[in-house]
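Note sheet for the following structure.
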Amino acid sequence: MTVERTFPFSALVGQDLMKRALLLNVVDPSLGGVLIKGERGTAKSTGVRALADLLPTIRVVENCPFRCDPDRPEELCPLCREKVAAGQTLSVVQRRVPLVNLPIGTTEDRLLGTIDIEKALKTGQKAFEPGLLAEAHRGILYVDEVNLLNDQIVDLFLDAAASGRNVVEREGISFAHASRFILVGTMNPEEGDLRPQLLDRFGLSVTIRGIDSVQERVEIVKRRLAFEADPEGFRSRWAAQDRALAQRIRSAQESLHRIALTEELLELASRIAMAMGTDGHRADIAMIKAARAHAALEGRSAVTAHDLHLAARLVLPHRVKKTPLEKAELDEEKLKELLPSEGGAGAGEAQPWVPVHHNAPKPSAHAQSAPVPGECVTHLCPMSRAVLAHMPWHRLQPGTHPGRRFSIPFSQHSGTVHGARCPLPGEPFSDVSILGTLRAAAPYQKSRQNGNGNGNGRPVLLAHDIRVRKRSRKTGLSLVMVVDSSASMRSNDRMALTKGVIDALLQDLYFRRDKLGIVTFRHTAAEVLLPLTHNIRDAAQAVEALPVGGRTPLSMGLHLGLRLLVQEKRKNPETLPVMLVFSDGRPNMSAFGADPLDETFHYAREVQRQGIQAVFVDTERDPMAGGCAYEIARRMGALYLPVDRLFSHRSSRSLAGPDSS
């Protein structure tokens with residue numbers, strides 16, 4: 001068996017705030033985990049894997065699938081308790097702290113645990129098969145790309161992290177075991193954010209970016225090449241520093257509950273939380289815990305204002321109130337005003353070891369307006385702030401609650417279980433419901449056992465007894481906006497109105513957890529302003545900066561939007577693809593050498609042929625104009641809407657009723 005060699009924690013260059021957040025979470029796992037946000041290639045995964053090497057070995061009960069702690073008899077699993085009750089002595093061994101990776105495609109059964117199918121079929125007895133929460137007990141649960149996981153899965157492991165126990169009630173079994181672990185989640189904000197309710201459950205949060213210093217970047221390259229050339233030699237050169245850091249962690253864990261907390265410091269933490277506008281009391285509690293853990297890590301006997309300052313930078317950013325389309329940012333100046341001045345901190349107190357980075361964040365590549373020939377951009381239209389009364393998605397049967405809109409009744413291997421069902425013709429038996437299968441076979445057991453001479457009590461199952469789990473889960477839209485940004489959009493504030501409609505629509509897409517892509521067309525081509533993503537904030541920035549000018553290659557815009565949706569259907573067959581077109585319906589630029597209008601009609605028919613639902617918003621406000629928007633919408637099979645209608649003050653019922661056209 002090949003042993004994986006991880007990069008030493010002490011050899012990581014920069015990212016001091018991330019490293020400190022990880023260490024505080026190890027010192028006090030009751031903080032509730034740390035969420036690391038950062039762009040690609042910023043050592044998020046490397047730092048988490050290196051952290052496991054710093055932790056000491058642990059004493060566990062030999063052959064126990066739950067890694068029970070023999071020194072804590074009150075937390076023994078039911079299997080170990082049975083052995084103790086029977087008078088057996090639990091043998092103990094030393095094990096490394098486990099690092100359990102939670103994959104994106106994890107099912108609820110794999111996370112929580114389920115019935116042991118093999119034992120049930122062989123013996124007819126129900127037995128529990130441990131899941132990932134059992135494997136992560138007393139270790140690290142690492143959740144990469146946590147924002148891409150199903151919200152229900154995130155809720156489950158956050159509940160276990162908060163309570164320290166995993167309780168399973170399903171398939172006729174009831175089982176509970178201890179599940180205390182160090183939770184670390186990582187994510188790339190460009191791929192979408194977590195719901196505020198889930199963000200608040202993480203104790204600490206840190207946002208990291210690529211290092212801007214040339215010297216530090218060169219050092220990163222040198223260390224990585226040296227590690228790949230000789231992993232053992234590189235690790236040995238940093239072993240002394242890692243051992244010293246591991247000793248600091250052990251000392252901090254032992255002294256954690258002896259750290260003094262003054263009444264003034266507790267009041268200061270509460271004032272900071274209220275001044276930053278946080279909800280609930282988690283921010284106050286997490287701030288005090290993080291400050292106490294930092295003081296223990298630094299070897300101090302009491303918490304200082306400097307510890308609280310660092311704790312606030314880790315606890316508050318993801319809890320600061322914001323609108324859905326705005327990024328949460330901690331007001332450092334306001335925080336410094338609330339904290340005591342350096343002169344009042346007292347002589348000899350340590351300064352915060354993590355520097356405050358003042359370099360401006362780098363803009364997302366997706367948030368930038370796509371380059372076009374300068375002579376084609378005539379001006380930048382402001383965004384209209386008119387209120388969108390209601391978007392008539394009557395063809396799409398919208399839901400009435402926040403969250404994904406549509407329920408998939410026969411989801412495979414994921415989603416909530418709602419009992420058992422007969423398998424569909426040709427469906428593989430890969431998600432078998434043991435309880436449902438045994439119930440289906442139960443009425444016939446007496447005749448089957450007598451007929452086969454089988455009197456040992458084991459169930460006799462036939463193929464038609466097999467039942468699979470009945471599952472359902474929610475899915476959302478994959479919506480591509482195709483936006484006309486040609487010169488004709490200047491007249492009558494068309495682009496300003498279009499931006500106002502899109503701005504209001506983004507709010508709905510955010511709350512519904514939909515995916516959004518933006519295609520714009522002008523001059524001689526169309527371009528992807530934003531690929532399909534859950535990151536609605538980047539979409540808002542891209543729409544705000546949308547320029548106007550040039551001719552109208554509408555066929556190219558439809559072609560590019562169609563290509564994005566067809567690709568998304570192949571990757572995610574359960575999604576609902578929708579194209580939303582904003583245009584005056586007057587193409588005047590050929591994309592492929594044919595008549596511009598004929599090309600547009602061709603791709604409009606292709607949208608309908610591919611089964612893509614569409615909405616065409618006609619931005620032409622002059623009823624005497626000669627646009628072809630209605631005819632294009634008809635050939636797309638699209639819902640046709642004049643832009644003025646979206647700003648009417650009719651009731652939502654009249655807009656979304658069956659008579660809408």
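Derivation of every value follows stated rules applied to the coordinates shown; laboratory data play no part. Note that the structure is a prediction, hence the values are computed from the model and not measured. A quick note on method: Cβ atoms are made from the backbone with ideal geometry, for glycine too, and the neighbour counts reach across all protein chains shown.
So here's what we get for this one:
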quantity	calculated
Spacing of the two label points (7 Å from each Cα toward its C-beta) at R645 and V214, in nm	6.0
Distant-in-sequence amide H partners of L530 (H built 1.01 Å from N, under 5 Å)	I518
Virtual paramagnetic centre 7 Å along Cα→Cβ of A226, amide N under 15 Å, in region 8-51	8-14
For region 258-344, the fraction of alpha-carbon pairs in successive 10 Å shells from zero, as %	18, 51, 25, 5, 0
Potential extension, V84-L424 segment - 0.36 nm per residue separation minus Cα distance	117.7 nm
Nitroxide proxy distance, nm - points 7 Å out along Cα→Cβ at Q197 and Q94	4.6
Förster-model FRET efficiency, 35 Å R0, R439 and K571, C-beta, rounded to 0.05	0.40
Added length on full extension, which subtracts the Cα-Cα distance from 0.36 nm per residue, R250 to Q610	123.5 nm
For C68, distant residues with modelled amide H under 5 Å away	V61
Placed amide H near K470: partners under 5 Å, 5+ positions off or other chain	H418, G419, A420, R421
Net charge over other residues, Cβ less than 13 angstrom from the Cβ of R635 (K, R count +1; D, E count -1)	-1
Centroid-to-centroid separation of region 75-105 and region 15-47 [C-alpha atoms, Å]	27
